[in-house]
Amino acid sequence: MSRAESASAFVAPDDCLLTLFDWSVERIEGLLDRAASLKAAYRNGDCSRPLVGRTLVQIYDKPSLRTRLSFSAAMTQLGGSDLFLTSKEAGLLGREDPSDVAQVLGRMADAIVMRTFGQERVEALAADAAIPVINGLTDDFHPCQALTDLLTLRETFGEDLSGRHIVFVGDGNNVSRSLAIACAKLGVQFSLCSPPGYEFSAAFLERLEAAVPGSEVEHTAMPAAAVAGADAIVTDVWASMGEEAQKEEKLRAFANFQVDASLMAGAGRDAIFLHCLPAHRGEEVTAEVIDGPRSRVFDQAENRMHLARALFVELLT
């Protein structure tokens, strides 16, 4: 059973972001407020550098454009420095005891971002490093992307998102799980539209209910019905990193779940389109939609950086 599907006994330190299950509504909203404020200041030429002398270490098992660049740019803009290591270079693939690696990092760096496969790897770092650890993506969760999505939604619909309706058309994966948690905490109606067999597990839904009593996630396999009146349609690639062997199977299963102009037309009049990128144009979304007037995809990508800036200020000052 994955970490997403079980109420893990691990309790994340307060200065870490491993999953949004660990963060309160007030803390999420405060971070989003901070991100919006920092973005406005950045646009107005604010060059304040509160993190001079601080060092970020990024450790990745999976390639990235937006995650790596957003955290690197954020730390540099705030006056700090950024170092990049693969897990092999860090000694986490068998050369050293992971606890030893974590303790060394904790004495030489000020924060860690990890982008990896198993959730237990970021939890192990957080347990032993004694410095802030941020989940840059695992197979179970992608909290920074969900927070970025909320920031982008607030820019369109205002700070109070309660009562809005977000529809994720795609797999019940790490991205949609994290967005479901975020929506539940902020009172946003969340629907997952996927083929049978790709919905959230019962165990994940039980964990969500335990964390946010009364939260509900609608699931449907009918895209047109799912998006009717929605405020935002969100999607992701059908086969994520590490699922290459399942690609053909998923292409068949999701063939009727493409976000195209017709599906967007069935959403609310002011509905927007979001995608965490990279996108496979012509598969989960058409070029007409991703490049169209309702798309906020590239605002969303930029917001990864502003969210990262807010996180560093939150966790390091």
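The values are calculated or read from the model by the stated rules, or taken from the named source; none is laboratory data. Given the structure is predicted, the values throughout are model-derived calculations rather than measurements. Glycine gets a Cβ as well: all are built from the backbone with ideal geometry, and neighbour counts include every protein chain shown. Just the protein is used for accessible areas: all its heavy atoms, side chains included, with ligands, DNA and RNA removed. Shrake-Rupley method; radii C 1.70, N 1.55, O 1.52, S 1.80 Å.
The single residue among E209, E244 that is under 19 Å from G282 (Cβ atoms), without any contact (Cβ under 8 Å) to a residue 12 or more places away in the chain and either surrounded by 21 or more Cβ atoms within 10 Å (Cβ to Cβ) or acidic (D, E) (or both) turns out to be E244.
Considering only residues of segment 41-63 that are in a loop (DSSP other than H, G, I, E, B) and within 19 Å of A130 (Cα to Cα), which is least open to solvent (accessible area, probe 1.4 Å)?
My answer is L51.
Scanning segment 247-299 for residues that are under 23 Å from C144 (Cα atoms), open to solvent by less than 60 Å² (accessible area, probe 1.4 Å) and of a type outside the set (D, E, K, R) returns A271, I272, F273, L274, H275, C276, L277, A279, V285, I290, S295, V297. Against the numbered list (1) loosely packed, with under 13 Cβ neighbours inside 10 Å; (2) part of a loop (DSSP other than H, G, I, E, B); (3) at pLDDT 95 or above; (4) within 19 Å of the chain's Cα centre (by Cα), D15 comes up short only at (1).
Rundown of residues vs (1) surrounded by 16 or more Cβ atoms within 10 Å (Cβ to Cβ); (2) among the polar types (S, T, N, Q), yes/no style:
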residue: L186; (1), (2): yes, no
residue: S191; (1), (2): yes, yes
residue: P196; (1), (2): no, no
residue: F200; (1), (2): yes, no
residue: D236; (1), (2): yes, no
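Among E199, E159, E206, which is outside any helix (DSSP H, G or I) and under 27 Å from F117 (Cα atoms)? Break it down into steps so the answer makes sense when it comes.
On the way: E159 fails: under 27 Å from F117 (Cα atoms); E206 fails: outside any helix (DSSP H, G or I).
When all the criteria are applied, what remains is E199.
Applying a threshold of 7 Å to beta carbon distances and a minimum spacing of six or more residues, or different chains, the list of pairs starting in segment 95-115 at a residue that is in contact (Cβ under 8 Å) with a residue 40 or more places away in the chain and within 18 Å of L311 (Cβ to Cβ) and ending at one that is open to solvent by less than 80 Å² (accessible area, probe 1.4 Å) and among the polar types (S, T, N, Q) reads A109/T55; D110/T55; V113/Q58; M114/N135; R115/S64; R115/T67. Take D140 and tell me if it is within 29 Å of D14 (Cβ to Cβ) and assigned to a loop (DSSP other than H, G, I, E, B). In short, yes.
Sort through T76, T67, T86 and tell me the only one that's open to solvent by 60 Å² or more (accessible area, probe 1.4 Å) and among the β-branched types (V, I, T).
Only one candidate passes the filter, namely T76.
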